[in-house]
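The values are calculated or read from the model by the stated rules, or taken from the named source; none is laboratory data. Because the structure is predicted, anything quoted here is derived from the model rather than measured. Here the Cβ positions follow ideal geometry from the backbone for every residue, glycine too, while neighbour counts run over all protein chains shown.
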Amino acid sequence: MGRPGILLNLGENSTLQVTTLVDTGASISVLSESLVQEYYTSRKLPPLIQASTITAQSATGHSLCLLGQVDIQVPSVGLATFQVIKGIKETGSHQCILGYDNLDKFGFTLDKKQLIWGDQVYPVQKYSLGISLQIMEHDPELESLLNEFQSLFGEAGSLPAARVPAMTMGITGGPIHQRPYRTALSKREEIDKELDAMLELGVIRPSGSPWGSPITIVPKKDGTLRFCIDYRRVNDITVKDRYPLTYIQDIFDHLQGATIFSTLDCRSGYWQVNMAEQDIPKTAFVCHRGQFEWLRMPFGLSNAPSHYQRCMNQVLAKHIGKRVMVFLDDIVVYSPDRKTHLKDLKLVFEELREAGLTLKRKKCHFLKEEVELLGYIVSKQGITAQPQKTQAIRALAAPTSVSEIRSFMGMCSYYRQLVPNFAEKAEPILALTRKHATFKWTAHCQASFDQLKEDLCSTKVMAHPNPNKPYIVYTDACDYAIGGILCQEDDDGLERPIQYISAQLTSTQRKWATIEKEAYAVGYALNKLRCYLLGAEFVVYTDHKPLLSLFTKEMRNTKIQRWGILFAEFGVKIRFRPGRNNVRADMLSRIKEGTELALIDSSTEWVELDMTSSPPVLADDLDREGLSAAQQEEYPEEWKSALEPDTGYILHKGLLYSINKPTQWSAKFPRLILPKEYRNKVISACHEEAAHAGLLKTMLKVQGGYVWPGMKREIERTLKQCPHCLVHNSREEKVEMGEMPIAQSPGQVVSMDLIGPLVVSEQGNQYALVMIDHWSGWIEVYPLASKSNAAVWHKLRTEYFPRHGACRVLICDQGSEFKGKEF
């Protein structure tokens, strides 16, 4: 917006006038590193830059390298927080940007024509960062080329199959069939929409296959839902496709010298590849609408990435290494100049059209001088690492205790062979860990700390990925953050880092169980490192041993289901490593807690929607229209309140939800307010799903999706009337022990009991009925296939009594097999 000059007071008795861009579209305020460094250097002040866990992007979509944050004392305003940015490339010529986080604090009055600050009035003018967002409208040659290949971008509502090899699955067993997962009523609408759309596109069809895998719904980062199939058991019996992936360094070598780039995106690329006819039944999936099977290649199959790479390599074989490079679904066209680039684009378009592939125009980027590719920024200046690759290390705050020093030094020591003069550089910090040392963080300690962080991020330590070698991923989680490192051994056998990652946990995520946090750390790492790990061989090391067996059985927890599908897609191998040996990831998971802000790194696809997603538990077949009418009748005041903001109630798709926590220990997310006529059905469904558990477990299950006044009393009353619980939980009065009768003759007093279960015999028997005559001590044993009272009575009636006659007293214990009406 405008360019008012404001005085920023960065220290005592000092002011610095700087031209400031007031940007109403920026969520944070930033100062350039050069501005901050110039001030502190000239005044010989100790560094005041604090650690920050914020990640941000520029208007161009590139990640910004934030070095930390500073608190600025602004005249007539007070203390304001600014993020410190490395360089000003993405902010034009402005060394200071004032975002909306500080607009209220500064007391600006802003309209379309002017900005008023105190007694100063500044004219407002539209300001552009010089980004060509509408390049196609201003480039007739490119527009002409795209019009010539208009068929390449397809038509809405159609997705023809490409002329590429069909995918075969390589199954070694089966068939495998699983029951469908239960899904919430509100999510069934999304599933129905997806099914209808896929049926219309012709990528699925109804099925009668003996195979069947369940579906689950995964949130996308834009808030919509992704339709996924849980193919874990199918992948377990699949022979892995070992088609080689392109060496990433070879891709970058070919891009050297290019000055202009275009990136292409296939529209639903997997869905353009046919499935082999004999394998179509094996892709079958089940849901509430029945059974369907895939005619095109679905997501979730372990061999899908390798086959897709094979197809793209075959289609563009004549041009790979000359004008185009392909890595899975990343296609980049590169040229030395603009004129050549248009010709190269035409040649690539011709091959894609010949193969029948369809592109998604909105996701294609043409004639760019800089593009993001495989975790790097590619431009005519060369290949540079994205700032977030080392941002997790740069964001580490200075240690505040000896234990934090040891954690940091443990990570540094792992790479000490790669850091020149490591012992000398680390000495000021290590001195604080020695016996009888007083902990005092000095300027020398800070300098040593900063130097070691820089060394960990330097090219001497950081390695380029080699997809022909296995990767190693270390992950860890603590109460408030997660961390991880992607590593690989070099030719000398030394393990070198490729990328560091870390993230703060939200307030909801901090309430998760430890095993869920550890699993989330692995899933977050997979998504952040997707360009390296998808289709590659790698091992994940964790210090949480229960994680090894978490995904080996069916889980009702929908989070675990989603993560399990993600792990299966990558073919994750999880190994245990004790915490004392996992110091690198452990350090990154203990980054200092910062202010929680609504900032999301857009490169991360792993987004939890606990605060906005639909209730996780809904009974089947609730009538939405009747439910809405009943809510309006029983809760008219709450319904009116939902029409206003910040009342604790919201309306979503015609239904009333409460966003208030039912108890102080509950998580905060929308819960459906349930009218009386629907409560018994919901309670019964949740009680049954909880395996007829008691009041507490059933109530927690209900509170996972619903709320109403007097819930506890109503659940308690319903459980007392549960027929199943009345039968199986009825208390039985124990019979008092009597005197043992004394036998006066053979067959007068007989004892009996059961032994088993034993090893099953060839006749199918696994129990033994033992009969003992008290007078003579005579013992007889009869084999039984089961221990039911009918089987026991049948053996007595047909074998024992006909041979010995009926006894006067028959003694047994209170086992259920001796309690039938026969006795």
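Of note:
- Identity of the residue in segment 233-259, within 27 Å of the chain's Cα centre (by Cα), in a helix (DSSP H, G or I) and of a type in the set (Val, Ile, Thr), that ends up farthest from residue 538 (Cα to Cα): 234
- Filtering 262, 306 for residues that are touching a residue at least 60 places away in the same chain (Cβ under 8 Å), part of a strand (DSSP E or B) and among the polar types (S, T, N, Q) leaves a single hit, 262.
- Checking each residue in segment 480-497 for being at pLDDT below 80 and within 18 Å of residue 374 (Cα to Cα) picks out only 497.
- Verdict on residue 449 being modelled with pLDDT under 80, outside any loop (DSSP other than H, G, I, E, B), of a type in the set (Phe, Trp, Tyr) and crowded, with 18+ Cβ neighbours inside 10 Å: no
A quick yes/no check of all residues on (1) in contact with a Leu (Cβ under 6 Å, 6 or more places away or on another chain); (2) in the same structural domain as residue 688 (by TED's automatic domain parsing); (3) of a type outside the set (Gly, Ala, Ser):
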site: 140; (1), (2), (3): no, no, yes
site: 151; (1), (2), (3): no, no, no
site: 161; (1), (2), (3): no, no, no
site: 183; (1), (2), (3): no, no, yes
site: 191; (1), (2), (3): no, no, yes
site: 195; (1), (2), (3): no, no, yes
site: 201; (1), (2), (3): yes, no, yes
site: 207; (1), (2), (3): no, no, no
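- Any hit, segment 211-232, residues being crowded, with 19+ Cβ neighbours inside 10 Å and assigned to a helix (DSSP H, G or I): yes
- Sole exception among (1) crowded, with 17+ Cβ neighbours inside 10 Å; (2) in contact with a Leu (Cβ under 7 Å, 6 or more places away or on another chain) for residue 289, by number: (1)
- Within segment 741-800, the residues that satisfy the criterion of being among the charged types (D, E, K, R), farther than 17 Å from residue 811 by Cβ and not in a helix (DSSP H, G or I) are 762, 787.
- Restricting segment 506-531 to residues that are assigned to a helix (DSSP H, G or I) and aliphatic (A, V, I, L, M), the residue that is nearest to residue 327 (Cα to Cα): 526
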